[in-house]
Each structure stands twice: as structure tokens, then as C-alpha cells.
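Comments concern the structure below.
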Amino acid sequence: MKMAVYSTKSYDRKYLELVNQQYGYELEFFDFLLSPHTAKNAIGADAVCIFVNDEACSEVLQEFKALGVKTLALRCAGFNNVDLKAAKDLGISVVRVPAYSPESVAEHTVGMMLCLNRHIHRAYQRTREANFSLEGLIGFNMHQRTAGVIGTGKIGVATMRILKGFGMRILAYDPYPSPLALELGAEYVDLDTLYAESDVITLHCPLTPENHHLLNATSFDKMKDGVMIVNTSRGALLDASAAIDALKKQKIGALGMDVYENERDLFFEDNSNEVILDDVFRRLSSCHNVLFTGHQAFLTSDALISISETTLQNVSQLDKGEVCANLITV
Ligand code: NAD
């Protein structure tokens, strides 16, 4: 069994190699993204392993079919970057890691909230310059404020559990209410009510064609003045250009983005010596009340081990003709 692994960084290699000691597969690591130009590098592979910004479009999958690739293993939960219909038509099985450590993403989400609320990123910069002025650093108590959680699956519930610990009121929106969220005391409401009443709004739903730019100029207008928004889900759930206008009007008071709709051209690489061509990113990142992290919410050692274990188990199950619970069916 040979598996070609795209978009690999040192941490992917480290944990995949560690877990692969139990399997003994041949792993070939590529540090570049999967695209129609790079698909042919998977020559000789039985399986291909990809991540969030790799592009498994129909053209790529046809190339894989010609090369004899049988399995596409996503080492992430979301699969919006895979043409599932094409994969099905070509007989390529697609597997994913539906849950590895919801707490890893939830804890990062709350970390972004606290950083933005208490201006920790600004205090870090100031104190390095021996500037101990507190001007402009006023936050608010999370206690007794209202959090709006959009998407109450594994990560949404893990986030609620932490926010509940702060003593926050929790509003939730999800087409499929979760008994765990209800147990935590969440109140399910429609989106307009969530927008109108939340001090902090956090996104935890998958990206689908229906909810592209779910948060846009119209939804921002329905929110409280100075609302905090955190997106650790998928970039295109939030219209980043509209967010600039909402920040200028001080409708959005703080914005945390671990994901960004045009992240494919920026994230996971060191671009510090480049001229950044993305004006929307640059405008947003120049705001003191906008905090970017580069799709790192999942990045804990616990999550990386779990991702590697599930990925290799998925591939092994399909290779042996066993039932794989993480097979994506359309
Ligand atoms: P999950 O499948 O357990 O839960 C998703 C929930 O969203 C489900 O309850 C579903 O009913 C709900 N949902 C679907 N469409 C919705 C909509 N339009 N509005 C509101 N709710 C909707 O998934 P999860 O494990 O909690 O992950 C959530 C998302 O987090 C993933 O889809 C992925 O995009 C993102 N994610 C990000 C990172 C990161 O590192 N930043 C890591 C893992 C996952």
C-alpha cells in the first residue's frame, strides 16, 4: 500500500509517520497543494491523502483514476473541496476524519474571543515596547453576556460547554437541534433572533452551497452594534468584503478569523517576504480589532495524533474490504 500525501508540513509528517509504525505503508510526502497541475505526482499510489485547501475537482479525480488511485483520504472533517459526484462516477472512495478533537477547535475559538475582548494581542505588542498604557484596552465581562452559536454539532457543543462555564446565556441555531446543547441550557432560536440578541456570534456549521456568505451585509445589519464575530469554521461562510464595511461602521466591534474565503493563496505558507496582493485580507488585517490565525484551530498534538490514526485506519479498512464508517456517500 502506497499513499501520496499532499500539502504536508513537518507536523503532518511527524504524526503520520509515528502512527504508520503500526501499518508499515509507504508514505510519499508532497509539500505542495493538490491541483490539476500536481495530480500526476500521485503516480504509483493506491491512496491519496489531502487537506482543506487541496482541490479534488473532476479533472484531478480523472487523473487519479488513470493512475490507479482507489482511495481519497481527507485528513479533515469538511469535504467542500471534493467533487463527490465525480469520485462516485469514477469509483474512487472518499473517506474523512469526521471527529478528531472538537475541543481543539472549541478552545482556539474561545481563545480568539478572549484575546479580542481583552485586547491581549495589543497588550503583547505594547508591553514589548514598554508601553503600559491601558487606553483603548477596555473589554467586557463574558459572564451574563449572550453567545450565539451557529451549528451545534461536535465543535459547537464543545464551544458551548466552555462558554457555559463563563456563565453566558447561549442562543443556538441549527436545523437539527442537539440534545447535548439543550442539556447545556442552549435556547434554539431563528437566525434573526440570534443576530439581534447575541454579543458574541460564533460559526460552527459546514460550508454548503446554501450557506455561502451566510454572514453578509444584510445579516450584519441585524446584529447588535459592536458585536464580536468569530469564524473558525470555513472562510466563505462570511462575506469578508462586507465585513470591512461593517467594521468601518463599528457594527462589528471585533472579528476573529481562523479561516478566510481566499485563504488558499495565503495560509499555511510564510508570505512575509511577498507583496500581498489580496486587498481584502490586507484591509482586514490592518484593523486593531481583527484577529487572524492561519487555520490553526485544529493544531494540537492530541488532534494531530487522532487525525493520523483515523486517516490510516480508514485507508486500511478500505484496503482490506472492511466496512469503513467514515466513507462519504452521496
Ligand atoms: P458536525 O458535523 O459535528 O456539526 C455541524 C453542525 O452544523 C450539524 O449539527 C449541522 O446540522 C449543522 N449545520 C449544517 N448546516 C447548517 C446551517 N446552514 N446553519 C446552522 N447549522 C448548520 O461538525 P463539527 O465537527 O462540529 O465541525 C464543524 C465545522 O468546523 C466543519 O464543517 C469544518 O468546516 C470546521 N472545522 C474547522 C477546523 C479548523 O481548524 N478551523 C477544524 C475542524 C473543523
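The values are calculated or read from the model by the stated rules, or taken from the named source; none is laboratory data. All figures in this text were calculated on a predicted structure; none of them were measured in a lab. Every residue, glycine among them, receives a Cβ derived from its backbone with ideal geometry; neighbour counts consider all protein chains shown. Side chains are part of the model used for accessible areas, which takes the heavy atoms of the whole protein and leaves out ligands, DNA and RNA. Shrake-Rupley method; radii C 1.70, N 1.55, O 1.52, S 1.80 Å.
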Study note, to complete from the structure: Only unsatisfied item for GLY185, checking (1) within 12 Å of the ligand (Cβ to nearest atom); (2) open to solvent by less than 50 Å² (accessible area, probe 1.4 Å), is (1)
Point to revise | Considering residues of segment 196-215 that are of a type outside the set (A, V, I, L, M, F, W, C) and open to solvent by less than 10 Å² (accessible area, probe 1.4 Å) only, the residue nearest to the chain's Cα centre (by Cα) | key: THR202
Practice item. Taking ALA99 as meeting all but one of (1) at pLDDT 95 or above; (2) among the small types (Gly, Ala, Ser); (3) out of contact with any Leu (no Cβ under 6 Å at 6 or more places or on another chain), write down the number of the exception. Key: (1)
Exercise for review: For residues that are open to solvent by less than 60 Å² (accessible area, probe 1.4 Å) and under 24 Å from GLY256 (Cβ atoms), tally how many sit in segment 76-96.
Suggested key: 4
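Per-residue answers, yes or no, for (1) more than 18 Å from the chain's Cα centre (by Cα); (2) at pLDDT 95 or above; (3) under 24 Å from LYS9 (Cβ atoms); (4) within 15 Å of the ligand (Cβ to nearest atom):
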| residue | (1), (2), (3), (4) |
| --- | --- |
| TYR260 | no, yes, yes, yes |
| ARG264 | no, no, yes, yes |
| ILE276 | yes, yes, yes, no |
| ARG283 | yes, yes, no, no |
| ASN289 | yes, yes, no, no |
| PHE292 | no, yes, yes, yes |
| SER306 | no, yes, yes, yes |
| GLU309 | yes, yes, yes, no |
| VAL323 | yes, yes, no, no |
Revision key, fill the gap. If we keep only residues of segment 216-233 that are farther than 16 Å from VAL290 by Cα and within 15 Å of the ligand (Cβ to nearest atom), then the residue most open to solvent (accessible area, probe 1.4 Å) is ASN216
Study note, to complete from the structure: Scanning segment 221-238 residue by residue, the ones that are farther than 27 Å from LYS154 by Cβ and not acidic (Asp, Glu) total 3
